[in-house]
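Report on the following structure.
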Amino acid sequence: MKTVTKTGSMVIMAMLVMAVVAGCSSGGGGGTAAYKIGGTVSGLSGTLVLQDNGTDDLSLTASGAFTFAKALANGSAYAVTIKTQPAGQTCSVTNGSGKVSGANVTNVAVSCGYTVGGTVTGLSGTLVLQDNGTDDLSITTSGAFTFATALANGSSYAVTVKTQPAGQTCSVTNGSGKVSGANVTSVVVSCGYTIGGTVSGLSGTLVLQNNGTDDLSITTSGTFTFAKALANGSSYAVTIKTQPTGQSCYGTNLSGTIAGANVTNVTLSCYNSGTLDHTFNSTGYVTNNNAAGGSYAWGHSVATDAQGRILVTGDAWDASNNDYMAIWRFTANGTLDTSFGTNGIVTNNNAAGGSSAAGLSIITDAQGRILVTGIALDSSLNYNMAIWRYNANGTLDTSFNGTGYVTNSNAAGGNSAQGYSIITDAQGRILVTGVAWAASNNTYMTIWRYNANGTLDTSFNGTGYVTNNNAAGGSYAEGSSIITDAQGRILVTGYAFDASNYDYMTIWRYNANGTLDTSFGTNGIVFNNNAAGGNSADGYSIITDAQGRILVTGDAFDASNNYNMAIWRYNANGTLDTAFNSTGIVFTNTSAGGNNAEGYSIITDAQGRILVTGYAKDASSKNNMAIWRFNANGTLDTSFGTNGIVFNNNAAGGNIADGLSIITDAQGRILVTGDAKDASNKYNMAIWRYIP
């Protein structure tokens, strides 16, 4: 029998052990190997509970590696899911499922972080959002939303619109930032409808606003759309924040309420400064000569009412050439307003008992009533200063003096007077200036003041009127235009003769009680006759500007006895304002190619520029209606018309016209009334409207 050594026995035993182990690994005979499922958690703050295959709960409280307790046999499926999210966080699993393949699973990644979300309003359709350019989120109804992917604390987020809903525009606010230890819930997505339209004629930069915000700068004609969409049912109001240099733009369809669709019909039309406004009667002007049944008419004064309607007073002939005071009322588009009087016109010629009258100045009062002053003949053919007051519908207001009109002819002791300019003061009293004759036939500048009921206000100079004819040392004077200043003082311009019967442009300033204001000029009066180098001048229109300076336009003779349109600017104390053209005066007479011009009416616009209308003769000595626009320093505003001036003489088909009164309307457009001859050489009342 062979002997077995100790060493051999040990070798045999080792081989047996190895065989057993090999048998276990191969699944043969001795059992199956098991593998663990695990990975890493990042960003965790709180308690997270994971499961594998719906069981084997694993509670984690810190970031780092994790392993489920239960091992799985090779080839077994695993599925790691979140049973309980940590408070205030959202965790997501990647590489969370698969099959065991002969090794422990260690690549399950659980990322914990904070969600990004917010609210959507006004949505109608399908909106697709993205966060950081990925993580598409499709939304079909208004309400709260949350992106699926959470972000780690300190991560950046940026919510954008990938796809807009059909027919709507959505915008994001609070859309970007950094996660700061909490879910982001402040992203707001507002869906709605855009406001837009078209711009035409633009040359320069136009800035629009919607509802006072959302500035939109436009530099070319074409379509435009505001960036901010509005919810269905919201109101919109498009306004012009900044006009383009040298142009004025006007709009239609500027406001309304959104009704389930984008607004695309806002229209802006831009025009060069000083061009006729073709939205007015399609030509920029309108004429009329048959208001009283004849074929002659003249416009002397223009105003607008609170509704933007245009009122003109003047005179019109009947078929027998009797003269009637006439009032025309036009709509803003240049058509006669047939709700006023008879087909937009009222006339009167018998206020003083005669058969002739003319309206020379028109205003509306605080109650919307229409006041006119002018001339009415009495039965003895004497001139009477007349005031008419009409209701807004064109009927005489019989609460005014019982008849709707009042006349006066004896303010200076004679039997004739004429009213040239009318205003109301802060107390609603009515002030008129003009001329009244003395028994000697000398003329007096006259101011009348009436109570609102049509009675003379005897608190004014004890009589209700005041006269003056010796301002320049002579015995003749007339008042052409009247205003009150911010202190309630009364200013009148006109003319006064000196002892040699040369006329002087004159300004009188009175206290509210009818006494001359001796703090102004010399004893309440200033005068000038040499503005253009000659020795005669007349003032036809007076205003004060925003700084309280006094502006007058009229005419001034030069050394060759040609008329010059002149503007004087005075300080409030009655001294010439040398900041205006260095002399306080500007004048011109060659504007239309001739050598005569006169200014009849003056205003300032919202920008403080000075506008004058009158006439300028051309090289053929024909009158052209002229508008001059000056800068506040007295230089012509070359952005207006041609070198600061516009002319027109063919509004009625002829070649002669005069501008007698100028205003601006609520849109800043320039309105002038006056007269224009037609092809038959008959005068027509004319209204022109220009782009500012």
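The values are calculated or read from the model by the stated rules, or taken from the named source; none is laboratory data. These numbers come from a predicted model, not from an experiment. Methodologically, a virtual Cβ is constructed for each residue, glycine included, from the backbone with ideal geometry; neighbour enumeration extends over all protein chains shown. Each accessible area value is taken on the protein alone, full model and side chains, heavy atoms only, with ligands, DNA and RNA left out. Shrake-Rupley method; radii C 1.70, N 1.55, O 1.52, S 1.80 Å.
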Output the residues belonging to segment 287-307 that are touching a residue at least 24 places away in the same chain (Cβ under 8 Å) and open to solvent by 30 Å² or more (accessible area, probe 1.4 Å).
THR287, ASN289, ASN290, GLY293, SER295, TYR296, TRP298, HIS300, THR304, ALA306
Just to be sure I understand, how many residues within segment 413-457 are outside any strand (DSSP E or B) and not β-branched (Val, Ile, Thr)?
19
Among the residues of segment 58-67, is any at pLDDT 95 or above, at positive phi and open to solvent by 60 Å² or more (accessible area, probe 1.4 Å)?
no
With open to solvent by 20 Å² or more (accessible area, probe 1.4 Å), in a strand (DSSP E or B) and touching a strand residue (DSSP E or B) at 6+ places or on another chain (Cβ under 9 Å) as the only criterion, which of SER480, SER475 stands out?
SER480
Wholly within segment 567-676, strands (runs of 3 or more DSSP E) carrying at least 2 residues that are under 25 Å from ALA303 (Cβ atoms) and open to solvent by 10 Å² or more (accessible area, probe 1.4 Å):
593-604, 623-630, 645-648, 653-664
Can you confirm whether segment 450-458 contains a residue that is out of contact with any His (no Cβ under 6 Å at 6 or more places or on another chain), closer than 12 Å to ALA417 by Cα and crowded, with 18+ Cβ neighbours inside 10 Å?
no
Within segment 371-400, how many residues are in a strand (DSSP E or B) and open to solvent by 40 Å² or more (accessible area, probe 1.4 Å)?
2
If you scan segment 433-451, which residues turn out to be in contact (Cβ under 8 Å) with a residue 60 or more places away in the chain, of a type outside the set (Phe, Trp, Tyr) and in contact with a Lys or Arg (Cβ under 9 Å, 6 or more places away or on another chain)?
ARG449
So, in segment 215-237, how many residues would count as being outside any strand (DSSP E or B) and of a type in the set (Gly, Ala, Ser)?
6
Using the structure shown, decide if THR213 is under 30 Å from GLN243 (Cα atoms), of a type outside the set (A, V, I, L, M, F, W, C) and modelled with pLDDT of 95 or more.
yes
Just to be sure, is THR544 of a type in the set (Val, Ile, Thr), open to solvent by less than 60 Å² (accessible area, probe 1.4 Å), in contact (Cβ under 8 Å) with a residue 12 or more places away in the chain and over 22 Å from VAL646 (Cβ atoms)?
yes
Matching residues in segment 327-359 - criterion: being more than 18 Å from GLY294 (Cβ to Cβ), assigned to a strand (DSSP E or B) and over 34 Å from the mean Cα position of the chain (by Cα):
GLY353
Residue within segment 161-171 that is modelled with pLDDT under 95, of a type in the set (S, T, N, Q) and over 40 Å from the mean Cα position of the chain (by Cα) present:
no
Looking at segment 552-561, is at least one residue within 23 Å of GLY594 (Cα to Cα), of a type in the set (Ser, Thr, Tyr) and open to solvent by 20 Å² or more (accessible area, probe 1.4 Å)?
yes
Give the residue, chosen from TYR114, TYR78, that is among the aromatic types (Phe, Trp, Tyr) and within 19 Å of GLN51 (Cα to Cα).
TYR78
Only one of GLY659, GLY634, GLY654 is over 30 Å from the mean Cα position of the chain (by Cα) and either β-branched (Val, Ile, Thr) or over 16 Å from SER273 (Cα atoms) (or both). Can you tell me which?
GLY654
Please enumerate the residues belonging to segment 178-199 that are surrounded by fewer than 15 Cβ atoms within 10 Å (Cβ to Cβ) and either over 18 Å from SER142 (Cα atoms) or of a type in the set (Lys, Arg) (or both).
LYS178, SER180, GLY181, ALA182, THR198
What pairs come out if I take residues in segment 58-87 that are farther than 15 Å from GLY38 by Cβ and pair them with residues that are charged (D, E, K, R) whose C-beta lies under 7 Å away, six or more apart or interchain?
GLY75/LYS99; ALA77/LYS99; LYS83/ASP57
Pairs under 7 Å by beta carbon, first residue touching a residue at least 12 places away in the same chain (Cβ under 8 Å) in segment 141-157, partner of a type in the set (Gly, Ala, Ser) and part of a loop (DSSP other than H, G, I, E, B), six or more apart or different chains?
SER142/GLY122; ALA152/GLY43; ASN153/GLY43; ASN153/GLY181
Condition check: part of a loop (DSSP other than H, G, I, E, B), over 27 Å from ALA303 (Cα atoms) and open to solvent by 60 Å² or more (accessible area, probe 1.4 Å). Does ASN530 satisfy that?
yes
From the option list GLY548, GLY514, single residue qualifying as over 30 Å from ASN596 (Cα atoms), assigned to a loop (DSSP other than H, G, I, E, B) and either basic (Lys, Arg) or out of contact with any Lys or Arg (no Cβ under 8 Å at 6 or more places or on another chain) (or both) is GLY548
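Results for (1) of a type in the set (Gly, Ala, Ser); (2) more than 22 Å from the chain's Cα centre (by Cα); (3) closer than 30 Å to LEU576 by Cβ; (4) at pLDDT 95 or above, shown as yes or no for each residue.
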{"residue": "PHE640", "(1), (2), (3), (4)": "no, no, yes, yes"}
{"residue": "ASN648", "(1), (2), (3), (4)": "no, yes, no, yes"}
{"residue": "ARG669", "(1), (2), (3), (4)": "no, no, no, yes"}
{"residue": "GLY674", "(1), (2), (3), (4)": "yes, yes, yes, yes"}
{"residue": "SER680", "(1), (2), (3), (4)": "yes, yes, no, yes"}
Return the residues of segment 88-97 that are without any contact (Cβ under 8 Å) to a residue 60 or more places away in the chain, open to solvent by 40 Å² or more (accessible area, probe 1.4 Å) and not hydrophobic (A, V, I, L, M, F, W, C); say none if nothing qualifies.
SER92, THR94, ASN95, SER97
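Residues are listed down the side, and each one gets a yes or a no for (1) among the aliphatic types (A, V, I, L, M); (2) modelled with pLDDT under 95; (3) under 29 Å from ASN410 (Cβ atoms):
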{"site": "TYR296", "(1), (2), (3)": "no, no, no"}
{"site": "TYR324", "(1), (2), (3)": "no, no, yes"}
{"site": "THR342", "(1), (2), (3)": "no, no, no"}
{"site": "ILE345", "(1), (2), (3)": "yes, no, no"}
{"site": "ILE363", "(1), (2), (3)": "yes, no, yes"}
{"site": "GLN367", "(1), (2), (3)": "no, no, no"}
{"site": "SER380", "(1), (2), (3)": "no, no, yes"}
Would you say ILE362 is open to solvent by 10 Å² or more (accessible area, probe 1.4 Å) and outside any loop (DSSP other than H, G, I, E, B)?
no
